[in-house]
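Encoded as structure tokens, the structure appears first; notes follow it.
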Amino acid sequence: MSSKQFNPKIALVGSGQIGGMLALLAGLKKLSNNIVLLDVIDGVPQGKALDTAQAFACEGLTCKTCGSADLSASSEGLKDADVVIVTAGFPRKPGMSRDELLLKNASVIGNVGLAVKSQCPGAFVVCITNPLDAMVAKLQETSGLPAKRVVGMAGILDTSRFRTFLGEALGVSPRDVHSMVLGGHGDAMVPLVECTSIAGIPLQKLIETNVISQSKVDEIVQRTRLGGGEIVDLLKTGSAFIAPASSALQMVESYLRDEKRLLPCCAQMQGEYGFKNLYGGVPVIIGKEGVEKIVQIPFSKNSTEEFNASMKKCQDLMAELKRIESEAQKN
Ligand code: APR
């Protein structure tokens with residue numbers, strides 16, 4: 001890592017709901033003094049950058065914040081970015097099929113990947129755009145960056161939801177609830193009850209001693225799996241944007257500060273958990289090299305089956321994307 005990591009340039013590709021929150025939180029967390037917002041809609045990144053810069057003035061922070069609709073612009077674009085966080089893409093519109101959305105977002109991500117390749121091949125790249133597992137794979141493929149520097153954010157968000165619900169049920173701060181939600185970022189994700197502890201006390205022990213019932217824990221597991229949808233239903237327009245931004249910055253902070261945190265992230269497995277060349281949610285250590293290690297947990301039989309089923313869904317999604325891309329090429 002170069003010395004400029006002391007003042008890294010953070011580029012945010014996509015200046016929508018999550019992009020704007022990322023800019024604000026990255027500044028407040030003092031992760032960078034140089035934040036660039038980018039978006040395909042001219043005016044939006046510039047407007048958000050201006051608004052954020054004024055918030056930083058209020059907060060007494062010195063942080064250069066600019067926006068551009070041109071990914072290849074010199075200082076206002078991706079050029080020489082140290083960290084890139086990608087939220088670019090479109091939500092599903094009424095009448096649009098799932099395949100159409102997959103194809104549309106894959107095309108956006110493909111273009112972002114090519115821009116990363118030419119403008120900032122040394123960057124650490126975090127993808128947030130959904131469908132996450134397929135989009136991060138596309139970003140790695142098109143950018144050509146080593147997989148250890150292209151990761152997806154999902155597990156930290158899903159785990160934060162699990163921790164919040166458990167903390168509420170137990171009357172304990174979520175800060176003292178430790179856990180991991182692994183697998184693909186979909187309804188088949190795997191909240192690992194067996195790896196959950198409250199300030200070191202295994203959750204399993206609390207179930208055995210009736211501090212919390214098994215049925216309550218099962219209910220929380222299910223609520224976690226549907227946690228994104230719960231927020232979409234409440235908001236009516238748009239999806240969660242505060243916790244997703246906060247979660248992605250945990251990964252960025254661990255990278256920039258070489259913290260070597262052990263976090264659930266979407267990373268490319270190379271034989272770990274029995275999968276090769278496949279992105280999915282696994283426990284990883286993030287440090288100055290990016291993904292420095294994928295940690296293998298000896299799962300119970302039940303968790304192994306759930307994890308494998310979730311990864312099968314990721315494989316199917318990847319296969320579906322390849323199929324619709326080759327069909328679109330023929331037409
Ligand atoms: N380059 C740059 N920005 C783009 C491009 C592109 N090629 N295509 C679309 N965008 C921009 C849109 O103009 C929009 O401003 O991406 C932004 C996405 O922002 P929002 O629609 O507000 O979505 P947000 O809530 O931020 O979520 C972004 O993260 O969690 C996922 O499912 C979510 O895929 C979605 C993504």
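Measuring nothing but how far apart in sequence close Cα pairs (under 8 Å, 6+ apart) lie, relative to its length, segment 38-118 scores a relative contact order of 24 percent. Straight-line cross-link partners of Lys29 among the lysines, defined as a Cα under 22 Å from its Cα and at least 8 positions apart when in the same chain: Lys4, Lys9, Lys48, Lys64, Lys260, Lys288. Element breakdown for segment 230-280 at a 1.4 angstrom probe: carbon and sulfur atoms account for 54% of the accessible area. Rolling a 1.4 Å probe over the heavy atoms of the protein chains gives the chain an accessible area of 45 Å² per residue.
Within the shell defined by Cβ-Cβ distances under 11 Å, the residues around Pro202 carry a net charge of -1, with Lys and Arg each +1 and Asp and Glu each -1.
Percent of accessible area on segment 64-201 owned by carbon and sulfur, 1.4 Å probe? With neighbouring chains kept in place, the figure for segment 64-201 is 53 percent. The angle between the Cα long axis of helix 17-28 and the longest principal axis of the Cα atoms of the chain comes to about 90 degrees, rounded to the nearest 10.
For segment 304-311, 3J(HN,Hα) computed residue by residue from phi via the Karplus equation (6.51, -1.76, 1.60; θ = phi - 60°) reads 4, 5, 5, 5, 4, 5, 5, 5 Hz, glycine and proline entered as x. Taking Lys and Arg as +1 and Asp and Glu as -1, the other residues whose beta-carbon sits under 13 Å from that of Asp158 total +1.
The relative contact order of the chain comes to 15 percent, based on Cα pairs under 8 Å that sit 6 or more residues apart. The antiparallel fraction among DSSP beta bridges confined to the chain stands at about 50%. Straight distance only, please: which lysines reach the Cα of Lys216 with their own Cα at less than 20 Å, same-chain residues fewer than 8 apart left out? Straight-line reach from Lys216, under 20 Å: Lys205. Just tell me which aspartates and glutamates come within less than 18 Å, Cα to Cα, of Lys293; anything on the same chain fewer than 8 places away is out. In chain and number order, the partners are Glu253, Asp258, Glu259, Glu272. Give the distance, in whole Å, between the Cα centre of segment 251-269 and the Cα centre of segment 7-34. Centre-to-centre (Cα) distance: 17 Å.
Comparing mean-square fluctuations of Asn34, Asn210, Asn111 from a GNM of the chain with C-alpha springs under 10 Å, the top value falls on Asn210.
Here is how the number arises for the chain: DSSP H runs of 4 or more residues each give -39500 (n - 2.57), the sum is divided by the residue count, and the result at 222 nm is -15000 deg cm²/dmol. Close amide H pairs (under 5 Å, H built 1.01 Å from N) link Lys64 with Asn34, Ile35, residues at least 5 positions away or on another chain. Using a probe of 1.4 Å, the accessible surface attributed to Thr304 totals some 50 Å² when neighbouring protein chains are kept in position. Over the chain, with a Gaussian network built from C-alpha contacts below 10 Å, which listed residue (Glu168, Glu289, Glu272) shows the highest mean-square fluctuation? Of the options given, Glu168 has the highest mean-square fluctuation.
When the Gaussian network model of the chain links Cα atoms closer than 10 Å, the mean-square fluctuations of Met135, Met21, Met189 top out at Met21.
Within the shell defined by Cβ-Cβ distances under 12 Å, the residues around Ile297 carry a net charge of -2, with Lys and Arg each +1 and Asp and Glu each -1. Centre-to-centre separation between the Cα atoms of segment 170-199 and those of segment 89-129: 29 Å. The fraction of Cα-Cα pairs per 10 angstrom bin, counted from 0 for segment 102-253, comes to 11, 35, 30, 17, 6, 1 percent, rounded to whole percents.
The values are calculated or read from the model by the stated rules, or taken from the named source; none is laboratory data. Keep in mind it's a predicted model, so treat the numbers as computed, not measured. No Cβ is skipped: glycine too gets one built from the backbone with ideal geometry, and neighbour counts run over all protein chains shown. Remember, those area values only see protein heavy atoms, side chains included, never the ligands or the DNA or RNA. Shrake-Rupley method; radii C 1.70, N 1.55, O 1.52, S 1.80 Å.
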